[in-house]
Amino acid sequence: MKKTLPIATALIAVAALALGVKRLDAMARVGDGYLAKIACSEVFVAGRDGETVLSEDFNDISPLFDFVGATIDHETKSVSAKLWGLGAATASYRPDYGCTLHINGAPDALPPIERPAVFAAPIATYDDEDVKSAVAKILVEEMANGAANHRSLLVLANGRLVAEAYADGFDANTPFLSWSMAKSVTATMVGAAVQQGLIDIHDRAPVELWAHDDRAAITWHDLLQMQSGLSFEEDYADPLSDVNEMLFASRDAGMAAASAPLAHAPGTFWSYSSGTTNLIQRTLRHALESRGVNYHSFAYDTVFAPIGAASFIIEPDPSGTFVGSSFVYATARDWARLGELYANDGVWNGTRLLPEGWADYVATPAAASDRFYGAQFWLNYDGADGRERYMPDLPQTTYLMAGHEGQYVAIAPEKNIILVRTGMTRGREPMPEIAPVFAKIYAAFDQ
């Protein structure tokens with residue numbers, strides 16, 4: 001990652017003149033935070049080789065990453081990063097919680113999460129050998145195509161494993177970063193809270209800052225459908241945008257949206273906002289803890305343990321609230337298990353974990369979204385003015401957990417098929433490359 005000293009000095013000098021040292025330091029803080037947090041999680045959660053992570057995972061983002069000095073400390077399980085004396089960030093690993101940045105001090109202490117002794121569940125294999133063979137061939141061919149940079153491909157049908165394939169350095173035991181697939185995990189936690197009778201999504205969201213202003217009208221439903229009306233800048237290209245500051249420079253991620261003013265009347269305008277999802281987590285934490293419910297073990301107790309998804313790790317911000325917009329790790333098989341729970345309308349082995357109709361709810365278009373977004377899930381409907389759906393060769397009823405750089409769990413309820421793809425399709429929109437792969441797989445079930 002290093003370049004020569006004169007080049008680095010010249011680059012930073014030019015940037016400092018153009019931006020001002022204070023702004024450059026703020027940008028470096030976000031960039032250093034990004035590198036420290038992601039490298040920490042990839043090494044200590046995903047179990048990958050540190051040198052590989054540093055040499056491969058931060059390419060083609062910004063040329064400044066070439067000049068960030070990073071230190072991986074295996075004894076303390078932490079990663080520190082600094083851009084030529086500017087910014088500086090440290091992220092550290094904790095069992096049960098993954099990695100968290102140190103922002104304005106060390107992360108808040110959190111209780112251990114007690115997981116059931118018998119936790120991981122096997123997945124039965126699909127019994128149609130012709131389909132298995134056809135799908136396996138597709139996965140092998142796609143994995144050999146390095147252009148898309150797949151890391152995993154997995155197919156589940158009727159709850160049974162059809163085929164899976166992994167890139168070099170990854171396997172069935174590797175937990176994969178969700179990015180915004182985490183939003184669907186947040187929706188799942190809300191669904192479990194509804195099932196337990198702890199909240200009602202049509203109630204106003206109990207955010208203390210809103211008690212005496214127009215934001216008090218915002219409901220859980222508005223937040224879930226990204227129609228809160230709150231102002232939030234979701235621009236990853238700008239290091240100092242709301243979303244980057246929230247993820248990599250804020251101690252309390254949910255406050256980024258809680259503090260934002262209204263830009264539109266609640267329920268009338270759709271705007272994608274990771275801040276909204278972290279606000280959901282912050283509000284859910286307060287709602288559960290006010291009732292004496294253990295927020296930090298809630299997802300494990302109500303969803304992950306019952307479906308046998310042993311690998312899930314939801315990483316918190318420094319204040320201890322889960323970063324439900326972006327930072328969840330799980331194996332491809334466990335991502336598929338979560339998709340299967342939705343294909344079964346929230347029922348697992350005869351036990352209802354999510355409310356009846358919750359799967360239909362998250363897959364119902366938000367009124368102002370042009371039918372491409374539900375409640376923390378992406379949808380596959382054609383839109384107004386001739387907009388074609390994301391996956392034109394899959395049914396419109398297919399819906400998605402979807403994340404940055406092409407993390408997908410596609411749920412096709414008509415055939416109970418779950419398609420999982422993780423990878424790093426960087427610098428371009430991933431879906432045009434992934435949709436044809438999903439189409440070939442889906443078509444294999446019609447042969």
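For the residues 308, 324, the requirement of being open to solvent by less than 10 Å² (accessible area, probe 1.4 Å), more than 16 Å from residue 179 (Cβ to Cβ) and among the small types (Gly, Ala, Ser) singles out 308. From the list 387, 352, pick out the single residue that is free of Cβ contacts under 8 Å to residues at least 24 places away in the same chain and surrounded by fewer than 20 Cβ atoms within 10 Å (Cβ to Cβ). Going through 387, 352 in turn, just one is free of Cβ contacts under 8 Å to residues at least 24 places away in the same chain and surrounded by fewer than 20 Cβ atoms within 10 Å (Cβ to Cβ): 387.
Being within 22 Å of residue 276 (Cβ to Cβ), without any contact (Cβ under 8 Å) to a residue 24 or more places away in the chain and surrounded by fewer than 22 Cβ atoms within 10 Å (Cβ to Cβ) is a description that does not apply to residue 345. Within the stretch 96-119, one or more residues are touching a Ser or Thr at 6+ places or on another chain (Cβ under 7 Å) and small (Gly, Ala, Ser). Within the stretch 125-171, being of a type outside the set (A, V, I, L, M, F, W, C), at pLDDT 95 or above and assigned to a strand (DSSP E or B) holds for 150, 151, 152, 160, 164, 166.
Total residues in the stretch 266-285 satisfying the condition of being open to solvent by less than 10 Å² (accessible area, probe 1.4 Å) and part of a helix (DSSP H, G or I): the figure is 10. If the condition is being free of Cβ contacts under 8 Å to residues at least 60 places away in the same chain and buried (at least 19 other Cβ atoms within 10 Å of the Cβ), then the stretch 436-445 contributes 438, 442.
So which strands (runs of 3 or more DSSP E) stay within the stretch 62-121 end to end and still have 1 or more residues that are over 23 Å from residue 298 (Cα atoms) and open to solvent by less than 30 Å² (accessible area, probe 1.4 Å)?
Here the list reads 68-73, 78-83, 86-94.
Pairs are defined by a Cβ separation below 6 Å, a sequence spacing of at least 6 or placement on different chains, a first member in the stretch 136-155 that is in contact (Cβ under 8 Å) with a residue 40 or more places away in the chain and at negative phi, and a second member that is surrounded by fewer than 19 Cβ atoms within 10 Å (Cβ to Cβ) and β-branched (Val, Ile, Thr); no pair meets this definition.
Does residue 315 satisfy being of a type in the set (D, E, K, R) and open to solvent by less than 10 Å² (accessible area, probe 1.4 Å)? Yes, satisfied. Within the stretch 213-230, residues that are on the phi < 0 side of the Ramachandran plot sit with their Cβ atoms under 6 Å from residues that are at pLDDT below 95, at 6+ positions apart or across chains, in these pairs: 230/257. All of (1) part of a loop (DSSP other than H, G, I, E, B); (2) in contact with a Pro (Cβ under 8 Å, 6 or more places away or on another chain); (3) over 16 Å from residue 256 (Cβ atoms) hold for residue 296 with one exception: (1). Just one of the numbered conditions (1) assigned to a helix (DSSP H, G or I); (2) touching a residue at least 60 places away in the same chain (Cβ under 8 Å); (3) open to solvent by 20 Å² or more (accessible area, probe 1.4 Å); (4) out of contact with any Gly (no Cβ under 6 Å at 6 or more places or on another chain) is not true of residue 51: (2). Residues in the stretch 409-434 that are closer than 29 Å to residue 347 by Cα and open to solvent by 10 Å² or more (accessible area, probe 1.4 Å): 413, 414, 415, 416. In the set 3, 22, only one residue is assigned to a helix (DSSP H, G or I) and either in contact with a helix residue (DSSP H, G or I) (Cβ under 9 Å, 6 or more places away or on another chain) or modelled with pLDDT under 90 (or both); that residue is 22. Search the stretch 390-406 for residues being within 19 Å of the chain's Cα centre (by Cα) and among the hydrophobic types (A, V, I, L, M, F, W, C), and hand back the single one that is nearest to residue 149 (Cα to Cα). The qualifying residue nearest to residue 149 (Cα to Cα) is 402. In the stretch 225-269, which residue that is closer than 24 Å to residue 33 by Cα and of a type in the set (Phe, Trp, Tyr) is farthest from the chain's Cα centre (by Cα)? For the stretch 225-269, the residue satisfying everything is 232. Applying the criterion of being modelled with pLDDT of 95 or more, assigned to a loop (DSSP other than H, G, I, E, B) and not aliphatic (A, V, I, L, M) to the residues of the stretch 235-258, the residue that is surrounded by the most Cβ atoms within 10 Å (Cβ to Cβ) is 254.
The values are calculated or read from the model by the stated rules, or taken from the named source; none is laboratory data. Just so it is clear, the structure is predicted and the values come from calculations on it, not from any experiment. Cβ sites come from the backbone with ideal geometry, for glycine too, and all protein chains shown count toward neighbours. Each accessible area value is taken on the protein alone, full model and side chains, heavy atoms only, with ligands, DNA and RNA left out. Shrake-Rupley method; radii C 1.70, N 1.55, O 1.52, S 1.80 Å.
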